[in-house]
Amino acid sequence: MSKHLHFRRLPPLNSLKGFESTARLNSASRAAEELHITPPAITHQIQSLEQSLGVDLFLRVGRKLILTDAGKTLYPYALQALSEVRKGVEALSNNINEPMPLRIQTYVTAAIRWLAPRISRFQQRHPDIQIKLDGSASWQFDDEHEDVGIIFLERPPEEEFCWHPLFPYQLIPTCTPELLNRLNSPASAKSIMELPLISVHTEEQYWEMWLGSAGIGFDKLNRPLTVDTLASALEMALNHEGVVLTNGPFAQRELQQGSLVQPFGHKLLLGHWGVIYRRDTPRLQHINAFLDWLTEETRHLQTDC
């Protein structure tokens, strides 16, 4: 006797994507942004799923959506189902189409100022591996659309991900020698407050954290000028417009040339830049080749990893 899958007993499958993304991000609006649909569409998907199942899946706590006990029960099954479908589609695509490119996610600054100028060396070594680089502004690794990420984490990720630290994420003030010469006193961690400060909008608290770690109070009157990316902040620093906190080797060339300097030795370690990917990825061979190359490229930067 043949076995039949009772599809009529399943909830609307498209709503599982909205449910999984909302549960992972604790936000319907962020889930909508990730899935490239509107927030009302996400809300409709969740309501449709709840009506189909006859249970509430989320509780609203402030601006966050928190899983109920029923939601916590459903989530791992939804995640596994979507992951299996994704792997099946990728396996089919590999069989019937041109080889899929290795999809690499990182942040705008890391892409522009570090990875992009080097990636041709990897392609020369592995001409059979096509690269698709996404300099996304997304803070979290998008394992649904990307194979591997070069991101910042304060601590290792959840067990379903592999994590390989590359270099420290440590805050170090950086500016031009010309700007530094404007100080009325010898360069010190405290005298930095005499200069204009520049911060990135996702890191606005970093100046206060760095100064606090150096034992210096933060002058609320000297609020930093806020820009969208570290790449923008570094361009402004090169134009003598302020001091920026670097958090990786993204100003390495300018520091070597002397157009930027790091006048204060105090550093604040917040975590590490590293490589992240799913343990169950079907692209493991290509990812390992990329990881081996990255390890060589960053060996001189791996202090404290």
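Cβ crowding within 10 Å, taken as a proxy for footprinting-reagent exposure, orders SER120, SER15 from fewest neighbours to most as SER120, SER15. Computed from the C-alpha gyration tensor, the three semi-axes of the ellipsoid equivalent to the chain are 42, 26, 15 Å, from longest to shortest. Which one of LEU79, LEU53, LEU269 has the biggest mean-square fluctuation once the chain is modelled by GNM with Cα springs under 10 Å? Among LEU79, LEU53, LEU269, the largest mean-square fluctuation in the Gaussian network model of the chain belongs to LEU53.
Legend: calculated FRET efficiency, VAL108 to LYS190, from the Cβ-Cβ distance at R0 = 41 Å, rounded to 0.05, equals 0.80.
From the Cα gyration tensor of segment 7-96, with a ≥ b ≥ c the square roots of its eigenvalues, which class applies: rounded if a/c is under 1.5, or else prolate if a/b is larger than b/c, or else oblate? It is prolate, given that a/c is not under 1.5 and a/b is the larger ratio.
In this rough spin-label picture, where each label sits 7 Å from Cα along the Cβ direction, the LEU301-ASP134 distance is 2.1 nm. Reducing segment 247-271 and segment 146-211 to their Cα centroids gives an inter-centroid distance of 9 Å. Taking the Cα atoms only, what angle lies between the long axis of helix 39-53 and the longest principal axis of the chain, rounded to 10 degrees? Rounded to the nearest ten degrees, it is 40.
The angle between the Cα long axis of helix 13-25 and the main principal axis of the chain comes to about 30°, on a 0 to 90 degree scale.
Ordered by the number of other Cβ atoms lying within 10 Å of each residue's own Cβ, fewest first, ILE66, ILE112, ILE104 fall into the sequence ILE66, ILE112, ILE104. When shorter helices are ignored and each DSSP H run of at least 4 residues is given -39500 (n - 2.57), the per-residue value for the chain at 222 nm works out to -11500 deg cm²/dmol. With 0.36 nm allotted per residue and the present C-alpha distance subtracted, the ALA81-ARG155 stretch has 23.9 nm of extension available. Each label point was placed 7 Å from the Cα along the Cα-to-Cβ direction; for GLU208 and ASP69 their separation is 3.9 nm.
DSSP bridge analysis restricted to the chain gives an antiparallel fraction near 65%, rounded to the nearest 5.
Could you compute the longest span of the chain free of GluC sites (Glu not before Pro) located in DSSP loops and having at most 13 other Cβ atoms within 10 Å, not counting the site residues? Here the longest segment lacking exposed loop sites spans 1-153.
Across the chain, the relative contact order, built from alpha-carbon pairs under 8 Å that are at least six residues apart, equals 21 percent. A Gaussian network model of the chain, with springs between Cα atoms under 10 Å, assigns the largest mean-square fluctuation among ALA23, ALA70, ALA189 to ALA70. Once each of the trypsin sites (Lys or Arg not before Pro) sitting in a DSSP loop with at most 10 other beta-carbon atoms within 10 Å is removed, the chain keeps 64-219 as its longest stretch.
Computed across segment 222-305, the Kirkwood hydrodynamic radius from all distinct Cα-Cα pairs reaches 15.7 Å.
With an 8 Å cut-off on Cα pairs and a minimum separation of 6 or more residues, tell me the relative contact order of segment 196-305 in percent. Averaging sequence separation for qualifying contacts and normalising by length gives 25 percent for segment 196-305. Taking the C-alpha atoms only, the angle from helix 284-298 to the longest principal axis of the chain is near 10 degrees.
Read the figures in this text as sums done on the coordinates, not as results from a lab. Computed from a predicted model, the values in this text were never measured in an experiment. Backbone-built Cβ (ideal geometry, glycine too); neighbour counts: all protein chains shown.
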